[in-house]
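The values are calculated or read from the model by the stated rules, or taken from the named source; none is laboratory data. The structure presented is a predicted model; accordingly, all values stated were derived computationally and were not measured. All Cβ positions, even for glycine, are placed from backbone atoms using ideal geometry, and neighbour counts span all protein chains on display.
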């Protein structure tokens, strides 16, 4: 994996995410991240199996939901924490750009993973992303991250088959330096 320089900013149609720095806290690397989210935009239900995440609102109104619970909202200066393994989503619940500062700990492969997911979305021109790239990422990092909106059959059967086809078609040169998935 090529090293990133900071700040490192990535974009998709609804969000700008900036990795500001990597810090060590209690022996673990922690990613410090800022983001700007367009109104009514934000990541769908997802989970980080091996990381905790915290988000503090700098400007705007953030809506969030833990899977199976009611939607909640926080305003400027307030913080929400998502524990590892907790299925969650968040979005801009206001009419202006939402600005937040947050962290993910331990950082693990989050920067590579999200950079690659955003690149796949931009490459395809839609939130589903390039099918070969998304199949590769979802399959390779399945023990670290999950998108709940993708049906289980697709994740367990269709995507692994797509990865095999992608390898036969030499579609994955840009992933040669991908970090190893965690066990």
Exercise. Got a number for residues in region 94-110 being surrounded by fewer than 18 Cβ atoms within 10 Å (Cβ to Cβ) and on the phi > 0 side of the Ramachandran plot?
Worked result: 0
For this session: Determine the pairs where a residue that is loosely packed, with under 11 Cβ neighbours inside 10 Å, located within region 156-178, has a partner that is outside any helix (DSSP H, G or I) with Cβ atoms under 9 Å apart, the partner being 6 or more residues away or on another chain.
Result: 177/1; 177/2
For this session: Being closer than 19 Å to residue 9 by Cα and assigned to a loop (DSSP other than H, G, I, E, B) is the filter here, so list the residues in region 106-115 that pass it.
Result: 107, 108, 109
Seminar exercise, completed: Within region 1-24, the count of residues that are exposed (fewer than 12 other Cβ atoms within 10 Å of the Cβ) and at pLDDT below 95 comes to 3
For this session: Output the residue which, of all residues in region 83-105 that are within 14 Å of the chain's Cα centre (by Cα) and in a strand (DSSP E or B), is nearest to residue 29 (Cα to Cα).
Result: 105
Exercise. Quick one: would you say residue 113 is surrounded by 13 or more Cβ atoms within 10 Å (Cβ to Cβ), closer than 28 Å to residue 174 by Cβ and at pLDDT 95 or above?
Worked result: yes
Exercise. Right, residue 154: part of a strand (DSSP E or B) and either closer than 30 Å to residue 61 by Cα or more than 15 Å from the chain's Cα centre (by Cα) (or both) or not?
Worked result: no
Exercise. Filtering region 116-140 down to residues that are part of a loop (DSSP other than H, G, I, E, B) and surrounded by fewer than 22 Cβ atoms within 10 Å (Cβ to Cβ), which residue is modelled with the lowest pLDDT?
Worked result: 127
Exercise. Out of region 93-128, which residues are in contact with a strand residue (DSSP E or B) (Cβ under 8 Å, 6 or more places away or on another chain) and free of Cβ contacts under 8 Å to residues at least 60 places away in the same chain?
Worked result: 93, 94, 96, 113
For this session: For region 15-42, name all the residues that are under 13 Å from the mean Cα position of the chain (by Cα) and outside any strand (DSSP E or B).
Result: 42
Exercise. What are the residues in region 43-66 that are at pLDDT 95 or above, at negative phi and part of a loop (DSSP other than H, G, I, E, B), if any?
Worked result: 45, 49, 50, 51
